[in-house]
1. Determine the pairs where a residue that is farther than 21 Å from GLU449 by Cα, located within the range 400-418, has a partner that is part of a helix (DSSP H, G or I) and of a type in the set (Val, Ile, Thr) with Cβ atoms under 7 Å apart, the partner being 6 or more residues away or on another chain.
2. Do we have any residue at all in the range 98-106 that's touching a helix residue (DSSP H, G or I) at 6+ places or on another chain (Cβ under 9 Å), farther than 30 Å from GLN13 by Cβ and open to solvent by 10 Å² or more (accessible area, probe 1.4 Å)?
3. For the range 461-481, which residues satisfy the criterion of being open to solvent by less than 50 Å² (accessible area, probe 1.4 Å), more than 13 Å from LEU428 (Cα to Cα) and without any contact (Cβ under 8 Å) to a residue 40 or more places away in the chain?
4. Across the range 241-258, what is the number of residues that are surrounded by fewer than 13 Cβ atoms within 10 Å (Cβ to Cβ) and either at pLDDT 65 or above or not in a loop (DSSP other than H, G, I, E, B) (or both)?
5. Given the condition touching a Leu at 6+ places or on another chain (Cβ under 9 Å) and within 25 Å of ARG148 (Cβ to Cβ), answer yes or no: does some residue in the range 306-324 qualify?
6. If you check ALA379, ALA385, which single one turns out to be exposed (fewer than 14 other Cβ atoms within 10 Å of the Cβ) and either polar (S, T, N, Q) or at pLDDT 80 or above (or both)?
7. State yes or no: is ARG175 surrounded by fewer than 22 Cβ atoms within 10 Å (Cβ to Cβ) and within 27 Å of ALA285 (Cβ to Cβ)?
Amino acid sequence: MTIRQLYYTSCRQGKEGIQGFQVNAASPGLPDRHEDLGLRLSAYRPPPSTPVLPTPEQIERFPVAVGYRSCDDVAVLFHSRYLGTDFTGRQGNYFAHVLVLDAPEQDLGGMLPIEAWDSALWRWQPSQGTRLPLIEAIPPGPLADRERIRTHLLDGRLADFGVLLSAVQDGLAGRVGRVVVVAPDAVDVARALAAVTRSIPGTLAAAVSFTTFTSSPGDADVLVAGTTPDVEVTNSPYGDQIVVTLAGDGSGERRTSRYASVLGACWTRGVPAVGEVIALSARVAPPLAAAELDQFADLVELAVLGSSSTACDPLPALEFALRRLPSVLTPDLWRGVDEQARRAGSFDEVQRWSSVLAAASNGGTAPGPELESGYVRAALSQIAAGALDPAGIWLPSREGGQRAKAATEWALGTLKACPALDTAASVLTTLSKLGVRLPDQELRWLADEVVLAALLDPNQPDSSTRLRQLPDADRLLALVCSQLESRVATNDLFDMVVEELPAAAAGLIESTAPRDSRCALAAALAHARATGSGRVAALLRAVQASAG
């Protein structure tokens, strides 16, 4: 890595051989166009409140401009500061130290441009000669310490961070042309920029051009222009400029993007969490665009913050992951999804969930039990209501009985919540569409608690007809007779069935139950009582049964 540099100030001697503002010294081979670019970006004019004759102590407190901009073939990183008088004693002198990076990514060596703030590299004294050496590496300044950044943020600056990050998102997405940051001191701008650029993917961070100070933000050819409160910032009539005032107290109107909110939570958790976000973003293919950061935030919340997050809808995160980063769908992440599903308790978007689970299943990953159970319940409920076609949605595999198990759990829960014949019809019809049959134990419960109760209910005279129309009716009817047989073992219940069983139900049970059973006898007597026919035969059967 070789980085070219130049000094610009008002001096006695320089490359132009004049006395005054000029390139004092430069690295060999620096083209004029690169010099011009660097000088234009690093030009310095003091704040409007500057005293006419500032003291050395006042000059020390003047804002320092550190800036960066990537162009087509090079990037420029600069440091400009006010010096006061030049060699003639005239006010208005400044010193710009400009670096020209031919390969910014390699030349920065993983350092963010803003981390050059207060670097030991910067000079502000003229060179005695006109040639400067090439630079092999840029030593980072204190803002490379991310724990220091975090401490600053947690000291009441998270609100400022969220607003600035949101504004930078808008700028990178092309929704605004410039973000003007107003702060009492340029170091406040630098700290805020360090936090923001450390919070976005590397490719986007490299696209953030900035200067920590300019007295003419409207003319600065950068995305983020820092300035001081005494500078008049003119509002753009076109809405292409955002002004962010770093108040440090969370006051004023604030718009915070979803991504900024999630990253604020990551900084609160700790520097490693922010590192996880950036590492995760680097795995997304193709690389994240600024306009996608809010969508990516859903995945960050799930994959990085996990169960500590207050969000309760993991669906958008899973959709994003399946589109852009399927490898993130690890068993650990699915456990987090399971926890979110347990909190949510509802799966209104069944079709969207179906697409996610189908894609995940095809990709060799699998949802957890809470998620699968909740989804299946929601899907089957919508199928039962006629709102969903089972042919068009994902359901657990038939292999290993997963589908049958999930469907049975739903069926039993639905029936217990509303033990009625209409519910039984809906549930059994839905299971039939899935090719699932209720196991004997659950079907016996249905026969005893729901169907038999309906048959014995005089207010449901059509219950026997409806029973015949149910899927698996023969099997269910056999279990009804079996349950009724155990009930009529005592004479009291036998008499009750004879007295109360409706004619249609009696005829159905008599034709189904074994002829020598007490169930069939009770049904025959009930049918004779209700219809007035077959009384003699029924009584004869009763006498024979009694004699036996």
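1. Filtered contacts from the range 400-418: ALA406/VAL376.
2. The answer is yes, given that some residue of the range 98-106 is touching a helix residue (DSSP H, G or I) at 6+ places or on another chain (Cβ under 9 Å), farther than 30 Å from GLN13 by Cβ and open to solvent by 10 Å² or more (accessible area, probe 1.4 Å).
3. LEU477, LEU479, VAL480, CYS481
4. 1
5. no
6. ALA385
7. Judged against the criteria, ARG175 is a match.
Each row is one residue, and each column tells you yes or no for (1) more than 25 Å from SER257 (Cα to Cα); (2) of a type in the set (Val, Ile, Thr).
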residue	(1), (2)
VAL284	no, yes
GLN295	no, no
ARG343	no, no
GLY364	yes, no
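The values are calculated or read from the model by the stated rules, or taken from the named source; none is laboratory data. Owing to the predicted nature of the structure, the values given are computational and were not obtained by experimental measurement. As a convention, Cβ positions derive from the backbone with ideal geometry for all residues, glycine included, and neighbour counts pool all protein chains shown. All accessible areas refer to the heavy atoms of the entire protein, side chains included, with ligands and DNA or RNA removed. Shrake-Rupley method; radii C 1.70, N 1.55, O 1.52, S 1.80 Å.
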